[in-house]
Amino acid sequence: MTERELRDALRRAAPDDDGARERSWRVVRAAYADARPRPHRRRWAPLLVALALVPVAAGAAAAASAPHSDVGRWVRGVLGVGERHARPVLGHVPGGGRLLVEAGGGAWVVAPDGAKRRLGAYAGTSWSPRGLFVVGWRGRELTALEPGGRVRWSLPAPAPIGAARWGPVDGYRVAYLAGAQLRIVNGNGTGDRLLAAARAGVAPEWRPDSTRTLAYVDAHERVNLVAIESGRRLWRSAPLEQPTALAWSSRGDRLLVVTRRRLVVLGARGRRLASRALAPGVVVTGTQWRPRGAQIAIVRRDGARRRSELVLADADRGLAQHVVFGGPGRFGAPAWSPGATRVLVPWLDADQWLFLRPGFRRLTAFANIAEQFAPGATAVASPQSVQWCCATAERAG
């Protein structure tokens, strides 16, 4: 069967919905390409995959918006998306610690034993440095609350909030973006003030030490490092083309800047230490430095191949990379365990969470993630954002 014959068959299978028909064709075409036989395998294997998918063309498109539906499970099984031996329920957090999850229009905290508590309807959330509090936002409202759901304070912002980050070590300050304004508020909700004009959509990042210094991207696409208490700018980088994210190393000596076309590592005074271009069509959808060392977990998405990969980049070796895990569909942002022994990768199209042990080629997978955070719902996307925090809350924020 040629690609033209397969496309015609899909058109006949789903005559009433042009959008579903086109989405189905993209899914089946990717599966057809991935299923091309290796040497010594029979040549009719792709034909069987294609023929099996023709009667459910419309269902394949629907599965993307309802990942835990019966059709979604069937299509994932045919396409081979997902870990085959995934456990059906998240019974515990491998490696310990607690998870902060954004799912189903709200925020959840997952305890080490897998118990889940919904905090409320927040557009985004972030941990305080030791997990005693969570900062959440929705619209123009910034809220600090306990992991059990109790609200400690709330304040209005002058513009819709895009991101917020709690200061490290002592948790004394919170930085947040309100439109194109970078603002600072005390950890107890007092003293809200404007710090600088910033590039909307790029979250500021605190250097992970006690210096209370903050990195952010300004309107001219330069990375700035500023001392919060004095307001003094410590350095400013050269312009970078379309920055999208910042991430500090665990020691605070290097800053990763993700742009549309490359990865850049900055050092002291904003000097460029390493740079690596992204392949055409590849987009970085999430990064996190390993809690110890020079490795960076990076999730990248190849739009043309409709495939995602988790790679480890070594900042000591010019961002040299090796692939830890890859598969069809979309992955969410990675999250390292507090002990740096595992990395969690959400496999969105498979509706699974993968807990991988880099270097040991071992993983633990859990399935049916969407329905665990939206019980009773019929069409909820698998959660994309997961943050991993310390095993137990400590006495300071």
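The values are calculated or read from the model by the stated rules, or taken from the named source; none is laboratory data. Computed from a prediction, not measured in an experiment: that's the story for all the values here. No Cβ is skipped: glycine too gets one built from the backbone with ideal geometry, and neighbour counts run over all protein chains shown. Areas reflect the complete protein model, heavy atoms only, side chains present, ligands, DNA and RNA absent. Shrake-Rupley method; radii C 1.70, N 1.55, O 1.52, S 1.80 Å.
Before moving on, here are some points about what is shown:
- Residue list for segment 98-123, restricted to those being surrounded by 17 or more Cβ atoms within 10 Å (Cβ to Cβ) and out of contact with any Ser or Thr (no Cβ under 6 Å at 6 or more places or on another chain): R98, L99, V101, A103, G104, G106, W108, V109, V110, L119, Y122, A123
The rows are residues; the columns are (1) touching a Gly at 6+ places or on another chain (Cβ under 7 Å); (2) under 17 Å from L354 (Cα atoms).
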residue	(1), (2)
G267	no, no
L273	yes, no
A277	no, no
G281	yes, no
G286	yes, yes
R300	no, yes
R305	no, no
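- Pairs with Cβ under 7 Å, 6+ apart, first in segment 359-370 and farther than 18 Å from L312 by Cβ and open to solvent by less than 40 Å² (accessible area, probe 1.4 Å), second of a type in the set (D, E) and assigned to a loop (DSSP other than H, G, I, E, B): A365/E83; A367/D351; N368/D351; I369/D351; A370/D351
- Subset of segment 162-180 [open to solvent by 20 Å² or more (accessible area, probe 1.4 Å) and within 15 Å of W137 (Cα to Cα)]: G162, R165, W166, G179
- For beta carbons closer than 6 Å, sequence separation of 6+ or different chains, a first residue in segment 221-250 that is modelled with pLDDT of 95 or more and a second that is assigned to a loop (DSSP other than H, G, I, E, B) and open to solvent by less than 40 Å² (accessible area, probe 1.4 Å), the qualifying pairs are E221/L240; R222/S237; V223/S237; N224/D218; P243/V202.
- For segment 124-144, a residue qualifies if it is in contact with a Leu (Cβ under 8 Å, 6 or more places away or on another chain) and surrounded by fewer than 17 Cβ atoms within 10 Å (Cβ to Cβ), and exactly one does: E141.
- Once segment 260-273 is narrowed to residues that are part of a strand (DSSP E or B) and open to solvent by 10 Å² or more (accessible area, probe 1.4 Å), the residue that is nearest to Q321 (Cα to Cα) is R262.
- Matching residues in segment 83-134 - criterion: being in contact (Cβ under 8 Å) with a residue 60 or more places away in the chain and acidic (D, E): E83, E102
- Some residue of segment 314-337 being acidic (D, E) and touching a His at 6+ places or on another chain (Cβ under 7 Å): no
- Members of segment 296-315 that are within 10 Å of G281 (Cβ to Cβ) and either assigned to a strand (DSSP E or B) or open to solvent by less than 10 Å² (accessible area, probe 1.4 Å) (or both): R301, D302
- Top-ranked residue of segment 180-204 - restricted to ones that are part of a strand (DSSP E or B) and free of Cβ contacts under 8 Å to residues at least 24 places away in the same chain, ranked as nearest to the chain's Cα centre (by Cα): Q181
- Residues located in segment 316-350, provided they are open to solvent by less than 40 Å² (accessible area, probe 1.4 Å), in a loop (DSSP other than H, G, I, E, B) and more than 16 Å from R292 (Cβ to Cβ): G318, L319, G329, G332, A333
- Some residue of segment 145-153 being open to solvent by less than 60 Å² (accessible area, probe 1.4 Å), in contact with a Ser or Thr (Cβ under 7 Å, 6 or more places away or on another chain), of a type in the set (G, A, S) and touching a residue at least 12 places away in the same chain (Cβ under 8 Å): no
- Tally, over segment 150-179, of residues that are outside any strand (DSSP E or B) and touching a Phe, Trp or Tyr at 6+ places or on another chain (Cβ under 8 Å): 4
- Residue match in segment 313-320 (condition: under 17 Å from the mean Cα position of the chain (by Cα) and modelled with pLDDT of 95 or more): yes
- Scanning segment 274-289 for residues that are within 21 Å of A203 (Cβ to Cβ), open to solvent by less than 60 Å² (accessible area, probe 1.4 Å) and not aromatic (F, W, Y) yields a total of 4.
- Scanning segment 87-97 for residues that are open to solvent by less than 20 Å² (accessible area, probe 1.4 Å) and of a type in the set (A, V, I, L, M) returns L90, V93.
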